[in-house]
Amino acid sequence: MKRGCVIGYDINEKGCQISYYDDSMEEPDTMMASSNNYLIPLVLGYFKDRWVFGKEAKRLAVVGEDCTETDLYGKAKRREKVSLAGKTYDAVWLLAKYISLTLQDFENIQYLTFTTPETDVDMAKMLKGIGQHIGVDKEIINVQDYKESFCQYMIFQPKELWQYESALFYCDEDRIKAYMLRRLRVDASHGMNSFVTVDEVANAQRKELEALYPIMNKEKSPDESFKSMIENVFEKKVISSVYLTGEGFEKNWYPNSLRVLCNGRRAFMGNNLYSKGACYKSIRKCEPNDDGPIYLDETKLTERICLRMRVDGQEGWYPLVTWGTHWYEADGQWEVLLEDASDIEILVESLVDEEVQMEKVSLEGLPKRTDYSLRLQVEAMFLDERTCKLTFRDVGFGEFFTPTDFRVEKTIQLGGINGQFNSMS
């Protein structure tokens with residue numbers, strides 16, 4: 001039984017992988033589904049009053065009855081109804097049952113990060129809802145895509161492996177994709193934080209491979225075609241390390257390509273990189289003062305909203321909304337004690353255009369009390385990717401002062417994504 005763990009949970013159309021870590025371990029480990037295999041098939045079954053999953057459910061499928069279900073990931077995304085063992089279920093509920101069964105050996109989950117091929121507001125809400133359904137508070141659940149998981153994995157590797165750019169190649173029976181991790185150029189005035197991103201630099205479906213990179217062309221061996229693809233991706237770049245993942249790399253069909261990959265750089269192969277990257281993100285989320293690199297992409301906020309406050313005796317601008325966050329996950333509530341002040345200053349900083357916007361909120365109408373006996377609740381709520389509404393309420397001060405009806409709102413207009421992220425290249 002693993003207690004007090006943080007979890008990285010990779011889930012896709014085929015199955016899931018689970019990496020976990022606790023303070024007794026030097027680095028995350030990954031659950032073995034079978035010998036030398038981390039993938040737990042995404043198959044769920046119900047037979048003789050018992051739920052089964054993974055390989056046991058696959059074996060149950062040979063019974064030939066309506067007692068197993070596959071493609072739960074896709075059906076849950078589409079919010080479909082599913083008939084199983086004579087009953088009708090929501091596919092989301094069945095996916096939650098599958099996730100619950102795969103995590104049944106873990107207690108006291110301190111943080112859970114899901115990673116999926118792509119993510120958006122609907123995927124984040126679905127997986128966070130499933131987490132709550134199985135008993136994990138939504139405040140300790142994160143959802144990220146494979147690109148960010150690659151980045152989080154690399155951040156925990158020796159610095160020389162991502163000193164320059166780092167490449168990831170993914171290959172399965174349907175497609176080949178290539179990604180590149182690189183640092184972003186951001187003005188030094190934004191403090192000690194460094195900013196990184198992952199670009200998809202090549203993507204070809206199997207039927208397109210012959211036209212784009214003729215890997216399946218009989219006149220040119222798959223090895224030579226893959227070698228050409230690598231040379232094209234690496235052109236005019238300094239690559240510190242290369243990672244290969246996916247079932248398509250399990251057979252040694254690319255010896256010449258491998259020599260190109262290893263020429264002046266280190267190359268690694270494995271199939272649990274995404275779940276480990278998610279687990280590393282969970283580790284970072286549990287660190288109270290994490291000052292490591294911040295991952296950005298075209299879906300993340302490139303602006304932050306700060307209030308001037310004194311925390312632990314130190315006065316400064318403290319972020320309510322931080323850059324590197326999805327707008328739909330940036331809502332929050334805080335309580336602050338006020339000194340004698342007639343207004344509240346709000347600072348909005350942008351990484352894209354390096355502009356600083358100053359806003360003020362008037363406290364006219366707030367009751368007069370001695371310093372530090374005025375307690376305000378501050379709420380940040382995003383209406384969309386461009387619009388954040390800040391609300392300030394008087395919540396009283398214990399038994400001494402009851403709350404009043406003081407309430408003031410301030411709407412902050414942000415730049416939104418709209419391709420601005422690309423200007424940080």
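The values are calculated or read from the model by the stated rules, or taken from the named source; none is laboratory data. Worth saying up front: this structure is predicted, and the values here are computed from it rather than measured. Heads up, the Cβs are rebuilt from the backbone with ideal geometry, glycines too, and the neighbour counts pull from every protein chain shown. Heads up: the accessible areas ignore ligands, DNA and RNA and are worked out on the full protein's heavy atoms, side chains in. Shrake-Rupley method; radii C 1.70, N 1.55, O 1.52, S 1.80 Å.
Descriptive notes on the structure:
- When you filter the trypsin sites (Lys or Arg not before Pro) in the range 64-172 for DSSP loop state and at most 10 other Cβ atoms inside 10 Å of their Cβ, you are left with Arg78.
- Helix 146-155 vs. the chain, principal-axis angle (Cα, 0 to 90°, nearest 10): 80
- The order of Phe156, Phe397 by accessible area, most exposed first and with a 1.4 Å probe, is Phe156, Phe397.
- Crossing angle, helix 222-234 versus the chain [Cα axis fit, 0-90 degrees, rounded to tens]: 30
- Antiparallel DSSP beta bridges within the range 1-134, as percent of all bridges there, nearest 5: 75
- Pairs of alpha carbons in the range 300-424 whose separation is greater than 24 Å (percent): 31
- Label zone of Asp120 (point 7 Å out along Cα→Cβ, amide N under 20 Å): in the range 12-46 this covers 12-14.
- Rough spin-label spacing in nm, given labels placed 7 Å along Cα→Cβ, for Ala341 and Val63: 6.4
- Under 5 Å between amide hydrogens, built in the peptide plane, is the criterion, and for Asp172 it picks out Gly248 among residues at least 5 positions away or on other chains.
- Computed from the Cβ-Cβ distance with R0 of 25 Å, the FRET efficiency linking Met269 to Arg185 stands at 0.20.
- Modelled spin labels at Ser24 and Trp253, positioned 7 Å past Cα toward Cβ, are 4.3 nm from each other.
- Note on the chain: semi-axes of the ellipsoid equivalent to its C-alpha gyration tensor, largest first and rounded to whole Å, are 43, 30, 19.
- Above-threshold pairs, the threshold being 31 Å between Cα atoms, out of Lys77/Lys227; Lys87/Lys281; Lys300/Lys368; Lys77/Lys300; Lys159/Lys227: Lys77/Lys227; Lys87/Lys281; Lys300/Lys368
- Karplus-derived 3J(HN,Hα) values for the range 82-88, using 6.51 cos²θ - 1.76 cosθ + 1.60 with θ = phi - 60°, are 10, 8, 9, 6, x, 10, 10 Hz; glycine and proline are entered as x.
- Shape index of the range 231-358: Rg/Rh, with Rg the Cα radius of gyration and Rh the Kirkwood radius from the inverse mean 1/r over Cα pairs, equals 1.15.
- When nucleic acids and ligands are ignored and a 1.4 Å probe is applied, Met31 ends up with an accessible area of around 50 Å².
- Largest accessible area first, the listed residues Arg304, Arg59, Arg183 line up as Arg59, Arg183, Arg304 when surface is computed with a 1.4 Å probe on the assembled protein chains.
- Volume in Å³ per residue [convex hull over Cα atoms, computed for the range 76-200]: 176
- In order through the range 268-285: 3J(HN,Hα) via Karplus (6.51 cos²θ - 1.76 cosθ + 1.60), integer Hz, x for Gly, Pro: 9, 9, x, 10, 10, 5, 5, 5, 5, x, 5, 5, 4, 5, 4, 4, 5, 5
- By DSSP, the beta bridges lying fully in the chain are antiparallel in about 75 percent of cases.
- Ala202 long-range amide H proximity, modeled H, under 5 Å: Ala178
- Each residue was assigned an accessible area with a 1.4 Å probe, and for Val62 the value is about 130 Å².
- Here's how it looks for Phe195: its modeled amide H is under 5 Å from those of Leu184, Ile294, which are all 5 or more places away or on a different chain.
- Given charges at beta-carbon only (K, R positive; D, E negative), |dipole| of the chain in Debye: 1320
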